[in-house]
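*Asks:* Following this message is one structure expressed as C-alpha cells.
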Amino acid sequence: MKKVWRVAGGIMCLFALFIFNGCQAAPVSNGNTSAVATPSPASSASPAATGNARANNMPLTLPVLDAMFADEKFAADLKSELQLTDEQIERLRKVAREETGSLRETETGEHGGTTTAATTRAAEQIKSVLGDERAARFSEFVSARWAGGEGATAAINSKPNAVPTDTRIVVNAPAYRMDVFENGQLVKSYRVGIGYPEFPLPTGLRKADTIIFNPTWTPPDEPWVESPSSKVKVGEKVDAGSPLNPLGLVKIPIGLPSLIHGGKSPARLGSFASHGCVGLTNAQVQDVARMMAKIGGAELTDEDMATYAKNRKETKELKLERPVPVELRYETIVVEDGKLYIYRDVYDRDSNTEANLRAVLEANGVSFDSLSETERAQALDALRQMARDAKGNPTDGTPDASPSATPDANNKNANKNANKKADAESAKVTRTVKGQKEIVLEIAALRGKGYPAPVALDTGGAQKDAGTKKGKRS
C-alpha cells in the first residue's frame, strides 16, 4: 500500500463557513466478492428509491446557495451555463449571505425553522431576482449540482433499503446512522449527527478520496462572527484541536459542500448537529479514518494517528489509492433485520406515505395487503405519527388532530400558511426534534428480511434516546 501526504493549510468545509459553535452547536441481496477490489459505484446498488419523487429532490435553501457561492467557479458557471448577468449573480449572492447571516444557534433547544419553510423562502427570493422561468432553470441547475457534489459519481436509483454488494459507506440521515460495508458485508456502524433542516444533508452517491488530519478553520466574514459573545475573529485561523474549531481532529470531504468530520459532543449524535455534514465525535472520526484508509489502500498506522494527535498545528492529507463511495440516503421507512422501522420525516419530504410503505414491503418480498388487519393498522398509524417535521407539524399540511390544534385546523392551506409564517419569523436553526424520532414494529412476514442491523455500533457515548417506541437503539 502507498501513503501520499501533502501539507494543506487553511482547508475548510464550505458549510463550516457558517459555523460558530459550528457543526458543534442508502439489489436486495448480501453477496460477497472473493477479493478486495477497487470500489465501483456504477456497478452496484446506489441510493434507494423511495417511491416518492419529492423525497429524492434536493431542497434548495439560501444557506445551501451561500455555500455554493464560496466556490468562485460556481458563479462563473451560472454566467456561462445559465447566462445570468453579473448583477443577477451578485443579487443572488447577497440574499443568500443575508439569510445565512440571520441564522443563530442557541443551546436551549429552541426550535427554529423547517426545510420546507427554508426552501419556500429561497424560491421566493430567487424568483424576485430572476423571474419565474429563469428561477426554475436556476433551481434545477443548483439542485443537480448539489445532488452530485464535486467529484461525485453518477447515481442510479435502486430498490428501497438496498444492501450494498460492494465496499462503501452508507449514511441514512433520518436514522442518524452511518454504516461501513466491505465487499457486501456490514463491518461497522456509527451513530451520527446530521445537517440542520436549514442545512439538510443531500442524497446521492459520492466519493471520498482524501482524509485530512488536523484541519484548521478560518472564521468567515459573517455577522455573527463579530458578535459580542464571539470568541473568534474574521480571518483569524483557529488551530485544529481548539474547542473553537468545529471540524475536530479529522475531516473527510465527500463532494461539495459536505464532509464527514469530528468535533461533535456525544450529546449531539442522533440529532441535528451540522451545516450539511455528517458529524462524529473525534474518537469516532479517527476510527472511521483508520477503516477508510484500509479499504482505500492507504497506509495509516496507530503511530501515525498518535503523531497527528500530538502535532495538531500541522495539517496533513492522506490520499486514498482507491476512492471510497459514500452513499447518502433519505429513507424514513426501512425494513431492518426482520422489523419495520419508521423514522421521523425530519426534512419534511412527505416520505412517510402508504405508497412508500407498500414499495418498501414489496422490495422485501412482502405485500402490504397480506399483512394482518392489526399489522396494517399499526403501520399506518406509525406513518401518521412519523409524518411530522422537526417541529412536530404534519409534513403534508394536513390538520393537526392534537388538542393544541389551531381553530382553523380543518383548513389545510391555512395550517400550512401558519406554519410558514412562524418559520419565517424565526432566526434560529433547528437544533432538536420535537417528539419521538422513530417507531419500530414487529411484522411476522418480515422475519429474516431487510437491511442488516447495526454491527459493532459506535454511539460515541451518546445517551439512549427516550423519544422512541419499541426497539430503540442507542
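The values are calculated or read from the model by the stated rules, or taken from the named source; none is laboratory data. All of these numbers come straight from a predicted model, not from anything done at the bench. Cβ atoms come from the backbone with ideal geometry, glycine included; neighbour counts cover every protein chain shown.
*Asks:* If you check 326, 285, 334, which single one turns out to be of a type outside the set (Ser, Thr, Tyr), out of contact with any Ser or Thr (no Cβ under 6 Å at 6 or more places or on another chain), buried (at least 19 other Cβ atoms within 10 Å of the Cβ) and closer than 30 Å to residue 381 by Cα?
*Replies:* Of 326, 285, 334, the one residue that is of a type outside the set (Ser, Thr, Tyr), out of contact with any Ser or Thr (no Cβ under 6 Å at 6 or more places or on another chain), buried (at least 19 other Cβ atoms within 10 Å of the Cβ) and closer than 30 Å to residue 381 by Cα is 334.
*Asks:* Name the residue, out of 308, 347, 341, that is more than 24 Å from the chain's Cα centre (by Cα), aromatic (Phe, Trp, Tyr) and not assigned by TED's automatic domain parsing to the domain that holds residue 116.
*Replies:* Selected residue: 308, the only one of 308, 347, 341 that is more than 24 Å from the chain's Cα centre (by Cα), aromatic (Phe, Trp, Tyr) and not assigned by TED's automatic domain parsing to the domain that holds residue 116.
*Asks:* Only one of these conditions is not met by residue 405: (1) assigned to a loop (DSSP other than H, G, I, E, B); (2) modelled with pLDDT of 50 or more. Which number is it?
*Replies:* Single failed check for residue 405: (2).
*Asks:* Could you say which residue among 122, 96, 135 is in a helix (DSSP H, G or I), at pLDDT 90 or above, in contact with a helix residue (DSSP H, G or I) (Cβ under 8 Å, 6 or more places away or on another chain) and of a type in the set (Gly, Ala, Ser)?
*Replies:* 135
*Asks:* Going by the structure shown, is residue 324 closer than 29 Å to residue 74 by Cβ and in a helix (DSSP H, G or I)?
*Replies:* When the stated conditions are applied, residue 324 does not pass them.
*Asks:* Given the residues 72, 105, which is the only one that is crowded, with 19+ Cβ neighbours inside 10 Å and modelled with pLDDT under 85?
*Replies:* None of the others qualify; the one that does is 105.
*Asks:* Say whether the condition of being touching a helix residue (DSSP H, G or I) at 6+ places or on another chain (Cβ under 9 Å) and at pLDDT below 85 is met by at least one residue in region 180-202.
*Replies:* Yes, that holds for at least one residue.
*Asks:* Taking the options 223, 215, 266, 228, name whichever one is at pLDDT below 90 and in contact with a Gly (Cβ under 7 Å, 6 or more places away or on another chain). Show your work before the answer.
*Replies:* Details: 215 fails: in contact with a Gly (Cβ under 7 Å, 6 or more places away or on another chain); 266 fails: at pLDDT below 90; 228 fails: in contact with a Gly (Cβ under 7 Å, 6 or more places away or on another chain).
After applying the criteria, what remains is 223.
*Asks:* Can you pull out the residues in region 196-214 that are closer than 21 Å to residue 287 by Cα and either outside the structural domain of residue 315 (by TED's automatic domain parsing) or not in a loop (DSSP other than H, G, I, E, B) (or both)?
*Replies:* Correct list: 206, 207, 208, 209, 210, 211, 212, 213.
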